[in-house]
Amino acid sequence: MSSLSSPVPVILCGRHAEIGKPVSELLVPEFEVIHFIATNEAALADIPRLLKGEKPQFPDTSGVGTQNYNQVPRAVIFGRGYDITEVEQFREASEGSNADPVAWITGDPNKKPDPNAPPPGPGYAQFAAIQVKEKLSAWKEEGAAQDGIILW
């Protein structure tokens, strides 16, 4: 297993780039969002590619990710707009792509918003970034050896 770089490169998956942008900025300096994914199609195609160290099939035009593909991501972060079954599907599609353990950080299904609810309001990006950063930091402090789903 290789050591973690600093900042740790991560993939961010979210339904709304306007939430993803402040989340990505709040994860700095410890973590770097290299790529933002907003659709299931892009997640299925690009997460395995990025975890292999390849460039994505679907370019990140959101302005959220740095597009610094020189390092392989060590974590994939999902907003609460993603269902746990979708995350499991993306993880299965990526099986064998990564040489090092990957943290799959996703929203707790017991705290998932109503699908008909409007997009989250002000303060949500800050709340999400704090929660995700805590989980990622704990994973990193434990040696970044767990390859699995971690709920936030």
- From the set of residues in the range 73-97 that are over 13 Å from the mean Cα position of the chain (by Cα) and in a loop (DSSP other than H, G, I, E, B), which is nearest to Glu18 (Cα to Cα)? Asp83
- Query: Quick one: what pairs do we get from the range 31-42, first residue among the charged types (D, E, K, R), second part of a helix (DSSP H, G or I), C-beta under 9 Å, 6+ apart or different chains?
  - Reply: Glu32/Ser24
- Query: Can you tell me which residue in the range 30-43 is farthest from the chain's Cα centre (by Cα), limited to those that are surrounded by fewer than 18 Cβ atoms within 10 Å (Cβ to Cβ) and part of a helix (DSSP H, G or I)?
  - Reply: Glu41
- Does Ile19 satisfy the criteria of being of a type in the set (A, V, I, L, M), part of a helix (DSSP H, G or I) and closer than 17 Å to Gly107 by Cα? yes
- Item | Matching residues, the range 98-107, being within 15 Å of Gly148 (Cβ to Cβ) and either part of a loop (DSSP other than H, G, I, E, B) or among the polar types (S, T, N, Q) (or both) | Asn98, Asp100, Pro101, Val102, Thr106
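One line per residue, one yes/no per condition, for (1) surrounded by 16 or more Cβ atoms within 10 Å (Cβ to Cβ); (2) within 25 Å of Gly121 (Cβ to Cβ); (3) touching a residue at least 40 places away in the same chain (Cβ under 8 Å):
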{"residue": "Val28", "(1), (2), (3)": "no, yes, no"}
{"residue": "Pro48", "(1), (2), (3)": "yes, no, yes"}
{"residue": "Thr61", "(1), (2), (3)": "no, no, no"}
{"residue": "Gly65", "(1), (2), (3)": "yes, yes, yes"}
{"residue": "Gln71", "(1), (2), (3)": "no, no, yes"}
{"residue": "Arg74", "(1), (2), (3)": "yes, no, yes"}
{"residue": "Val87", "(1), (2), (3)": "yes, yes, yes"}
{"residue": "Glu92", "(1), (2), (3)": "no, no, no"}
- Note on the structure: Filter the range 119-151 for residues that are more than 22 Å from Ser24 (Cβ to Cβ) and not in a strand (DSSP E or B); the one that is modelled with the lowest pLDDT is Gln146
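The values are calculated or read from the model by the stated rules, or taken from the named source; none is laboratory data. As the structure is a computational prediction, the values presented were derived from the model and not from experiment. Don't worry about glycine lacking a Cβ; one is built from the backbone with ideal geometry, like all the others, and counts go over all protein chains shown.
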